[in-house]
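Only one structure is covered here, and it is reproduced in the block below.
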Amino acid sequence: MTVRGEGARVTVYENGPLLLRGRFTVEDQDGKPVVTARTVALCRCGRTALPPWCDGNHKAGKGAPMSR
Ligand code: FES
């Protein structure tokens, strides 16, 4: 996955997702645009049913805590 854009900001949430804010396009491994957005949450816990997006399942609280 590639994120292209100018001025995109990434915030790492402790025990939560990576939040991308700005003007950007997320591309798949072949360079095909997946979404153009201003804000997306990327899962980093592996519990989401909608990879690569966070669907809130990190709140289930099982597994090792994620650091910032
Ligand atoms: S970080 Fe939210 S579901 Fe994984």
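The values are calculated or read from the model by the stated rules, or taken from the named source; none is laboratory data. Fair warning: this is a prediction, and the values are worked out from it, not measured in the lab. When we count neighbours, we look across all protein chains shown, and the Cβ atoms used for this are built from the backbone with ideal geometry, even at glycine. Just the protein is used for accessible areas: all its heavy atoms, side chains included, with ligands, DNA and RNA removed. Shrake-Rupley method; radii C 1.70, N 1.55, O 1.52, S 1.80 Å.
With viscosity set to 1.002 mPa s and temperature to 20 °C, compute the Stokes-Einstein D of the chain, Rh being the Kirkwood radius across alpha carbon pairs; µm²/s, no decimals.
Working: Rh = 12.5 Å.
Approximately 172 µm²/s, per Stokes-Einstein.
How far apart, in nm, are the 7 Å Cα→Cβ label points at residue 38 and residue 57?
2.9 nm
Please report the carbon-and-sulfur percent of the accessible area for the chain; probe 1.4 Å, protein heavy atoms only, DNA, RNA and ligands left out.
It is 49 percent, rounded to a whole number.
Taking the solvent-accessible surface of protein heavy atoms with a 1.4 Å probe, what is the per residue accessible area of the chain in Å²?
70 Å²
Quick one: what are the phi-derived ³J(HN,Hα) couplings along segment 50-56, Karplus 6.51/-1.76/1.60 with θ = phi - 60°, whole Hz, x for glycine and proline?
Here the 3J(HN,Hα) series is 10, x, x, 7, 6, 10, x Hz.
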